[in-house]
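In what follows, a structure is listed as structure tokens, so that the remarks can point back to it.
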Amino acid sequence: SVDIASFTKQTGLTTLDQGFVNTSSTRSAITYIDGDAGILRYRGYPIEDLARNSTYLEVAWLLIYGELPTASELAEFEEKIRRHTLLHEDLKRFFSALPHTAHPMSVLSSAVSALSTYYEDSLDPHNPEMVEMSTIRLLAKLPVIAAYAHKKALGQAFLYPDNSLNFVDNFLKLNFGNLAELYEVNPVLSTALERLLILHEDHEQNASTSTVRLVGSTEANMFASISAGINALYGPLHGGANEAVLSMLAKIRDSGETVQQFVDRVKRKEDGIRLMGFGHRVYKNFDPRARLVKESADEVLADLGVKDPLLDIAKELEQVALADDYFVERKLYPNVDFYTGVIYKAMGFPPRMFTVLFAIGRLPGWIAHWREANDDPATKIGRPQQLYVGPPERRWPEGR
Ligand code: ACO
């Protein structure tokens, strides 16, 4: 590696790297990816082992603190999170100021930003206890905010968290329970959702995580930084792809065109359409998360007895694309988002909640990165260079 600051000073040279294709913005010890070999590890542990054996909160601890927790550390962590699930009653009223048509991602980022107004006395990034408190509050409250965004769109009453349940079951109840009936968690959904959340927990310097680190580099508080990350995740080229995949599959079903005809239009780049859920900046062989998601899709739909024609279209699309030179030459494979929407839909979530589920998954990674940067004395405020290509100096037109 080169000390880029002194190199720039000595030579006067800068690099133009649009989209940061070859620029490392930081050192990080959290997640390792080998995009050519399809490897993803959190703190050294393969994603396959974590997805099959661990829980969302155990992996969150691993990402944030660097090691797997002991049984008592994990129990204490879970208990702390349980104690902080309630939202201030005033914050609950904040939801009523928003239209019921609001996209839940906008609701989520606004409410997370609003959290900092409730904890103004504990936002100092230099105080480790406050950093710890913000960590717990975010992990505890984001799922509740997410479920309220869902309920708000449905016009249904908000439920209080049920702290006798584990993290994932509590979240399912907040979304699908109601005041009139007992809610029984379906263990198939619970297991599948736990796995999906684990698969999303971190992915090193993607757009939203880089956003969280960039905002954090100004010493903005954790709530403000995570709210910015949620907004970065919203776009269809990032987390919004899971929602976009489902609408693409539904459009193919409703249009009457064949999968092959749709793929041909993608190849002709008609109206700039892309195969949503395909391609990745880093994975150029396969996305290891996509394999695990596909496994879950088959299991969940079979267990629920759901026969979804969209899953059949997705499978056919995958087959057609993987046999086509256009996709092979460009190394375009299904990414994590390709099958998640089909599962979330089978669980009963509306498409607009899909990216919200991604945000809950990604939260521990965002927190881990915010804290890693915050603890690192080498962190500087993020401030990219630019190459100016506008007009040279001009004179103000006389008489204007
Ligand atoms: N469908 C069709 N063609 C594609 C696709 C796609 N999904 N993705 C890339 N290409 C083509 C491009 O048109 C380009 O072709 P060209 O060389 O003929 O111009 C070539 O492949 C390279 O594309 P880039 O845009 O340069 O690739 P980049 O690495 O910048 O983009 C990205 C990665 C944004 C993920 C892209 O593949 C894409 O738009 N995918 C669809 C959206 C999506 O699924 N996003 C989720 C990503 S994963 C995540 O955030 C969790």
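The values are calculated or read from the model by the stated rules, or taken from the named source; none is laboratory data. This one's a predicted model, so the numbers in the text were calculated from it and none came from an experiment. Note that each Cβ is placed from the backbone with ideal geometry, even for glycine, and that neighbours are counted across all protein chains shown.
Listing for the model above:
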| read-out | value |
| --- | --- |
| Any chance Ile4 is within 21 Å of Asp287 (Cα to Cα) and aliphatic (A, V, I, L, M) | no |
| Flag if Gly240 is at pLDDT below 95 and of a type outside the set (A, V, I, L, M) | yes |
| Residues satisfying the stated conditions in region 191-215, i.e. more than 11 Å from the ligand (Cβ to nearest atom) and polar (S, T, N, Q) | Thr191, Gln205, Ser210, Thr211 |
| Selection within region 91-121 - without any contact (Cβ under 8 Å) to a residue 24 or more places away in the chain and either of a type in the set (D, E, K, R) or touching an Asp or Glu at 6+ places or on another chain (Cβ under 8 Å) (or both) | Arg93, Glu120, Asp121 |
| Meets criteria (modelled with pLDDT of 95 or more, away from the ligand (no atom under 14 Å from the Cβ), farther than 15 Å from Pro334 by Cβ and of a type in the set (D, E, K, R)) for Glu257 | no |
| Sole residue being in contact (Cβ under 8 Å) with a residue 12 or more places away in the chain, out of contact with any strand residue (DSSP E or B) (no Cβ under 7 Å at 6 or more places or on another chain) and within 30 Å of Ser54 (Cβ to Cβ), chosen from Ala140, Ala157, Ala153 | Ala140 |
| In region 185-207, the residues that are in contact with a Lys or Arg (Cβ under 9 Å, 6 or more places away or on another chain) and in a loop (DSSP other than H, G, I, E, B) | Val185, His200, Glu201, Asp202, His203, Gln205, Asn206 |
| Evaluation of Met353 against (1) at pLDDT 95 or above; (2) buried (at least 17 other Cβ atoms within 10 Å of the Cβ); (3) farther than 30 Å from Arg265 by Cβ (one fails), failing number | (3) |
| Single residue of Ala359, Ala373 found to be small (Gly, Ala, Ser), modelled with pLDDT of 95 or more, in contact with a Gly (Cβ under 9 Å, 6 or more places away or on another chain) and away from the ligand (no atom under 14 Å from the Cβ) | Ala373 |
| Residue count, region 262-283 (criterion: within 19 Å of Pro334 (Cα to Cα) and either among the hydrophobic types (A, V, I, L, M, F, W, C) or not in a loop (DSSP other than H, G, I, E, B) (or both)) | 12 |
| Answer residue from region 102-134, given it is outside any helix (DSSP H, G or I) and of a type outside the set (Phe, Trp, Tyr) and is modelled with the lowest pLDDT among those | Leu123 |
| Given (1) assigned to a helix (DSSP H, G or I); (2) more than 9 Å from the ligand (Cβ to nearest atom), index of the condition Asn242 fails | (2) |
| Residue match in region 276-294 (condition: in contact with a helix residue (DSSP H, G or I) (Cβ under 7 Å, 6 or more places away or on another chain), of a type in the set (Lys, Arg), over 28 Å from Asn206 (Cα atoms) and more than 13 Å from the ligand (Cβ to nearest atom)) | no |
| Lys9 vs. criteria basic (Lys, Arg) and within 30 Å of Lys380 (Cα to Cα) | yes |
| Complete set of residues in region 319-354 that are assigned to a helix (DSSP H, G or I) and within 10 Å of the ligand (Cβ to nearest atom) | Ala321, Tyr326, Phe327, Glu329, Asp337, Phe338, Thr340 |
| 1 or more residues farther than 23 Å from Ser190 by Cβ: qualifying helices (runs of 4 or more DSSP H) within region 1-66 | 4-11, 56-65 |
| Tally, over region 272-304, of residues that are free of Cβ contacts under 8 Å to residues at least 40 places away in the same chain and closer than 15 Å to Ile47 by Cα | 2 |
| Flag if Arg41 is in contact (Cβ under 8 Å) with a residue 12 or more places away in the chain and among the basic types (Lys, Arg) | no |
| Where a residue in region 190-209 is farther than 17 Å from Arg371 by Cβ and free of Cβ contacts under 8 Å to residues at least 40 places away in the same chain and its partner, wherever it lies, is within 12 Å of the ligand (Cβ to nearest atom) and among the small types (Gly, Ala, Ser), with Cβ under 6 Å and at least six apart | Ala207/Ala232 |
| Identity of the residue in region 223-262, touching a residue at least 12 places away in the same chain (Cβ under 8 Å) and among the charged types (D, E, K, R), that ends up surrounded by the fewest Cβ atoms within 10 Å (Cβ to Cβ) | Arg253 |
| Check on Val188, of a type in the set (Val, Ile, Thr), surrounded by fewer than 21 Cβ atoms within 10 Å (Cβ to Cβ) and closer than 22 Å to Leu292 by Cβ | yes |
